[in-house]
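Since every read-out is calculated from the coordinates, none of them should be taken as a lab result. This one's a predicted model, so the numbers in the text were calculated from it and none came from an experiment. Here the Cβ positions follow ideal geometry from the backbone for every residue, glycine too, while neighbour counts run over all protein chains shown.
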Amino acid sequence: MSDKKIPITLLCGYLGAGKTTLLNRVLTNQKGYKVAVIVNDIGEVNVDERLISKEAKIEDSSSLVPLTNGCICCTLKSDMVNQIENLMKTGKFDYIMIEASGVCEPMPIAQAIEQIEIGKLDNVVGVVDASRLVDEFDEGKALLKEGIDEEDIESLLIQQIEFCSTLIVNKRDLVTDEQMKMVRAVINKIQPTVKVIETTRCDVPVEEIIGTDRFDFETVYASAGWVKALEEHDAEDDDDDHDEHDEHHEHGDHDHEEHEGHHHHHEHKHEGESEDEYGIGSFVYYRRRPFNRQKLDEFASKWPRNIIRSKGVIWFSDEDDMAYVLETSGRQIQAGYSGNWLASCPPAEQKRVLAEEPEMKKDWDEKVGDRMIKLVIIGRHLNKEEICKNLDACLD
């Protein structure tokens with residue numbers, strides 16, 4: 001493919017929708033593609049990068065590039081472009097996939113990718129959580145209410161839905177048929193021409209994600225629901241008064257420029273900074289003591305509603321050898337076994353692994369080894385002190 005532009009798929013979607021699950025499915029069923037991955041996770045710890053390399057059994061570390069402490073739609077945009085160009089120049093890959101942070105807006109990322117001479121944006125895939133739209137956004141109807149401000153979560157969701165060429169409606173099994181009809185009606189209002197795929201656990205054919213040649217910037221932009229509504233409004237004006245139509249047409253073009261300009265200059269704030277324009281902030285909860293399973297279970301039943309997403313590795317006192325990945329998305333909370341801690345292995349094995357992976361030495365503790373709790377907490381208007389206090393109360 002040296003004489004062709006290397007195609008790129010961008011995965012975007014709100015926190016916890018299932019982007020990493022979808023990416024792992026594609027990587028394990030890529031049907032001959034040599035795929036490189038760029039993953040952008042906000043916060044100090046790039047948890048997704050670790051989960052991807054583990055689940056997809058990636059052996060070539062050069063094919064997986066993590067970008068942390070920022071969003072690729074603003075602060076890390078130039079880093080993303082540089083990484084894409086570097087991957088292409090190696091000649092080792094014939095496809096690139098990018099998993100954007102859950103608070104990324106897709107349009108500025110697409111604009112940046114479009115400027116890469118040897119690359120081509122093949123597909124922008126949005127992933128939405130059907131159950132979350134039902135439970136927290138009134139079956140999606142909250143996205144259509146009047147008076148939504150730019151800093152509202154609803155605004156971010158709308159932008160992620162309207163600017164994609166493929167939309168994966170995930171967790172279909174958690175909603176009823178009637179609820180799904182409402183979700184689909186809302187999606188149709190926001191982006192009437194997008195290809196929608198309903199799925200459970202992101203079980204989607206790989207050919208719907210890569211090698212689609214489905215994305216065209218102008219087509220996707222012009223097909224957004226608000227653009228269609230504006231065009232219909234202009235058409236009605238045209239029937240009444242041709243001069244008035246010209247005035248509204250110019251206003252429509254101005255809206256387009258303002259929309260792009262906002263995205264271009266948009267800047268999120270992350271770990272160690274103030275909240276972003278949506279009120280979203282993040283911090284890392286890090287402890288070298290284990291959770292008491294019962295206490296954490298009790299706290300999970302009253303998990304703060306303003307925690308949008310948390311993800312990371314945890315340790316239970318009643319299973320000292322086992323590492324778990326805790327993952328929350330809204331009120332959905334689960335912990336899955338991830339393997340054994342190195343500290344539970346024989347000393348000879350520990351010595352060998354630490355010699356081969358010097359990065360692990362940085363987190364090695366004389367008493368507990370590599371055992372730890374390291375959670376990225378993402379939410380709106382977070383009270384870090386209170387959350388840490390409540391989690392500390394769950395420790396043994």
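Of note:
- Charge context of residue 343, other residues only, Cβ under 10 angstrom, K/R +1, D/E -1: -2
- Members of 31/92; 31/195; 92/351; 120/311; 295/374 lying beyond 25 Å, as alpha-carbon distances in this model show: 92/351; 120/311
- The three principal axes of the C-alpha atoms in the range 161-201 carry coordinate ranges of 25, 20, 11 Å, sorted with the longest axis first.
- Among 170-181, 189-200, sorting by the average number of other beta carbon atoms lying within 10 angstrom of each residue, highest first, gives 189-200, 170-181.
- Per-peptide average of other Cβ atoms within 10 Å, ordering 312-318, 78-84, 27-33, 17-23 highest first: 17-23, 312-318, 78-84, 27-33
- Summarising the label geometry, the points placed 7 Å from Cα in the beta-carbon direction at residue 142 and residue 115 lie 3.5 nm from one another.
- Highest average first, the peptides 344-356, 369-381 ordered by how many other beta carbon atoms sit within 10 Å of their residues are 369-381, 344-356.
- Cα-projected label distance for residue 348 with residue 82, points at 7 Å along beta-carbon direction, nm: 4.5 nm
- Neighbours of residue 390, meaning other residues whose beta-carbon lies under 12 angstrom from its beta-carbon, give a summed charge of 0 when Lys and Arg score +1 and Asp and Glu score -1.
- All lysines inside 17 Å of residue 141 as judged from Cα atoms, apart from same-chain residues fewer than 8 positions distant: 181, 189
- Summed side-chain charge close to residue 34 - residues other than residue 34 whose Cβ falls under 9 Å, Lys, Arg +1, Asp, Glu -1: 0
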